[in-house]
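For reference, the structure discussed in these notes is given below.
The values are calculated or read from the model by the stated rules, or taken from the named source; none is laboratory data. All of these numbers come straight from a predicted model, not from anything done at the bench. So basically every Cβ, Gly included, is an ideal-geometry build from the backbone, and we count neighbours across all protein chains shown. Surface accessibility is based on the protein's heavy atoms, side chains included, excluding ligands, DNA and RNA. Shrake-Rupley method; radii C 1.70, N 1.55, O 1.52, S 1.80 Å.
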Amino acid sequence: MFISVIGCGYLGTVHAACMADLGHHVIGVDVDESKIKELSAGRPPFFEPGLPALLERAMASGRLRFTHDVAELARPGGGERTPWVHFVCVGTPQRKGEFAADTTYVDAAVSALLPHLAPGDLVVGKSTVPVGTAERLSARISDRVPGAMLAWNPEFLREGHAVTDTQRPDRIVYGIPAGPGAARKARDLLDAVYADAIAAGVPVIATDYPTSELVKSAANAFLSTKISFINAMAEVCEAAGADVTELATAIGHDERIGPKFLSAGLGFGGGCLPKDIRAFMARAGELGADQALTFLREVDAINMRRRSRMVELAREVLGGSFLGRKVAVLGAAFKPDSDDVRDSPALNVAAQIKLQGADVVVTDPAAVENARRTWPELQFASTVEEACERADAVLLLTEWQLYRDLDPHVLGTLVRGRTMLDGRNALDPAAWRAAGWTYRALGRPRV
Ligand code: UGA
């Protein structure tokens, strides 16, 4: 297949490399020239486990290249033309001052593609968009290039697992055009793109545009709700002196509930869940279905309350004031195995504590550079030892394995006060208490 991938962020870069690895011929396009320079040299411009090796292999195959100039998609005329499949993988951030998603980049990507489309080509949207976007874009495409088609193919990959999630997704969803001829052609092209995964038994759900768009919004809304549910239970556990981690294990044994996404703690952040539930509420409002999603306001509120609770807990263990105290923060990324700091709960807490007068030093195995750019007023350290030296309290806010494995005895020799606040319920309270630490966590009893 001949494939282009428009937008080389976390989603697009991994998608492009995986497609080339499968044997397709792929051009990745991004307007950011510095990113294209890095990618063309085989260097991913962000941290993602498994991606460097995959990118190297794909580049060496000669089937993957990157460009900042979408005009490179223009091909010489004449002869039988193989249809192209163009994946749109650009971001849809939250609009400033509003809940709604900003689809400017998706519209711009389609506008850039239009001059290069030919009848039989397929544009495939992967970005998370408000329901109704595909219908609108499809009309634009067929008005300009009759015979060119649009499909919507939402992406469910998680950062930190992006390569395996792309190679072996748990499902593939196609939103395909309504007419039978176009539906068949679009489906055949997508089946050819994903032939490997389909042969391995990955289920395909082919549906209409709005359902495919809503599948993604609904999935992220459900995941956010599950996390906020367990965090609401953590609030009740704190009030009642109960342990939310044991509660989660117990309810997770019920197959109808399941154990995943029941880790109570600082809650969800990142470039997807927070903005996606807000965009979903905004879109439902536009459609006159706002009441259906008012519960997502509560999901968002519970999530944000966890950050404030963490700050309160830190102030409490430090005797009621941050002034003159040193706080070490372990973790800056919104989750482990990522260098993404978009809406990072860890940095949000670190910044609030800093604003309240503490001397805050943040460390992270991968995200320090990104964090420094976003929060230049915070101090950063490259190692746990440097961050924790003479700290009055240590806050574990992103559960990297490195931090789960910390030895409380060794760390105890570096700090000024043996106080550990575990914002991710990632440590063994008994081991830390036995080593002389005051251990506190969200949703767990104090002793
Ligand atoms: C999320 C979805 O999980 C993906 O399926 C989706 O494709 C992606 O958004 C997207 O829309 O692009 P991601 O943002 O990479 O993926 O991260 P998650 O693994 O979902 O974690 C999100 C946040 O929830 C993190 O801050 C994590 O620490 C937090 N979390 C997760 C919890 O607080 N508790 C849990 O039990 C699980």
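Across the range 40-54, not a single residue is classified as part of a helix (DSSP H, G or I), within 23 Å of ALA112 (Cα to Cα) and out of contact with any helix residue (DSSP H, G or I) (no Cβ under 9 Å at 6 or more places or on another chain). For the range 247-273, a residue qualifies if it is open to solvent by 40 Å² or more (accessible area, probe 1.4 Å) and within 15 Å of the ligand (Cβ to nearest atom), and the qualifying residues are LEU247, THR249, ILE251, ILE257, PRO259, LYS260, PHE261, SER263, CYS272.
In this structure, LEU395 qualifies as outside any loop (DSSP other than H, G, I, E, B), in contact with a strand residue (DSSP E or B) (Cβ under 7 Å, 6 or more places away or on another chain) and not polar (S, T, N, Q).
Taken together, the residues in the range 122-141 that are assigned to a helix (DSSP H, G or I), open to solvent by less than 40 Å² (accessible area, probe 1.4 Å) and among the aliphatic types (A, V, I, L, M) amount to 3.
State all residues of the range 126-141 that are away from the ligand (no atom under 16 Å from the Cβ) and closer than 19 Å to VAL5 by Cα; if no residue qualifies, say none.
The first filter runs over the range 126-141 and keeps only residues away from the ligand (no atom under 16 Å from the Cβ), leaving 132, 134-141.
Scanning the range 126-141 gives ALA134, LEU137, SER138, ILE141.
ALA101 satisfies every condition listed in (1) open to solvent by less than 50 Å² (accessible area, probe 1.4 Å); (2) out of contact with any Pro (no Cβ under 6 Å at 6 or more places or on another chain) except (2).
Here ALA206 fulfils each of the conditions (1) farther than 20 Å from VAL299 by Cβ; (2) within 14 Å of the ligand (Cβ to nearest atom); (3) free of Cβ contacts under 8 Å to residues at least 60 places away in the same chain; (4) not in a helix (DSSP H, G or I) apart from (2).
Among the candidates ARG158, ARG144, ARG171, single out the residue that is in the same structural domain as SER111 (by TED's automatic domain parsing), surrounded by fewer than 20 Cβ atoms within 10 Å (Cβ to Cβ) and away from the ligand (no atom under 14 Å from the Cβ). From the options ARG158, ARG144, ARG171, the qualifying one is ARG144. Inside the range 34-60, residues that are in contact with a strand residue (DSSP E or B) (Cβ under 6 Å, 6 or more places away or on another chain) and over 21 Å from GLY23 (Cα atoms) make up a count of 1.
Those residues that are assigned to a loop (DSSP other than H, G, I, E, B) and either open to solvent by 30 Å² or more (accessible area, probe 1.4 Å) or free of Cβ contacts under 8 Å to residues at least 24 places away in the same chain (or both), I need them from the range 174-194; list them, please.
Restricting attention to the range 174-194, the residues satisfying the condition of being assigned to a loop (DSSP other than H, G, I, E, B) are 176-179, 194.
Of everything in the range 174-194, those that are assigned to a loop (DSSP other than H, G, I, E, B) and either open to solvent by 30 Å² or more (accessible area, probe 1.4 Å) or free of Cβ contacts under 8 Å to residues at least 24 places away in the same chain (or both) turn out to be ALA178, GLY179, TYR194.
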